[in-house]
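Below is one structure, written out as structure tokens, with a few remarks after it.
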Amino acid sequence: MNFIQKIYVKAMNGFETLKKDERGSQTLEWIGIAAVIVIIVGVVSQAFSGGDFGTTLVQKFSDLINKIGSGGS
């Protein structure tokens with residue numbers, strides 16, 4: 001019985017060490033950030049690929065730039 005307890009304690013200590021290991025967590029954060037950026041770029045590219053939404057958005061930006069250039073009048 002003592003032998004089984006020793007094996008159990010060694011296994012639990014090994015699992016605790018693995019559970020507390022944070023190597024690679026920063027990599028996962030960067031992968032998440034990259035995924036969000038890829039999704040945003042995909043949505044924006046679809047918006048500007050023609051259609052009503054892209055045309056309306058470009059027109060609003062053009063109107064805003066023209067107002068800035070003409071002093072807001």
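Going by average Cβ density within 10 Å per residue, which order do the peptides 32-41, 19-28 take, highest to lowest?
Output ranking for 32-41, 19-28: 32-41, 19-28.
Working value for the chain: equivalent-ellipsoid semi-axes of 61, 14, 7 Å, each the square root of 5 times a Cα gyration tensor eigenvalue, largest first. Helical content alone sets the calculated 222 nm signal of the chain at -29000 deg cm²/dmol, taking -39,500 (n - 2.57) per DSSP H segment of four or more residues and averaging over every residue.
Think of a 1.4 Å ball rolled over the protein heavy atoms: the chain then has 93 Å² of accessible area per residue.
Remark: region 31-40, residue by residue, has Karplus-estimated 3J(HN,Hα) of 5, x, 5, 4, 5, 5, 5, 4, 5, 5 Hz, where x stands for each Gly or Pro and the curve is 6.51 cos²θ - 1.76 cosθ + 1.60 at θ = phi - 60°. Among the protein heavy atoms of region 1-48, carbon and sulfur supply 70% of the accessible surface, probe 1.4 Å, non-protein parts ignored. Relative to the Cα centre, the charge distribution of the chain, modelled as +1 at Lys and Arg Cβ and -1 at Asp and Glu Cβ, gives a dipole magnitude of about 340 debye.
The values are calculated or read from the model by the stated rules, or taken from the named source; none is laboratory data. All figures in this text were calculated on a predicted structure; none of them were measured in a lab. Cβ atoms come from the backbone with ideal geometry, glycine included; neighbour counts cover every protein chain shown. All accessible areas refer to the heavy atoms of the entire protein, side chains included, with ligands and DNA or RNA removed. Shrake-Rupley method; radii C 1.70, N 1.55, O 1.52, S 1.80 Å.
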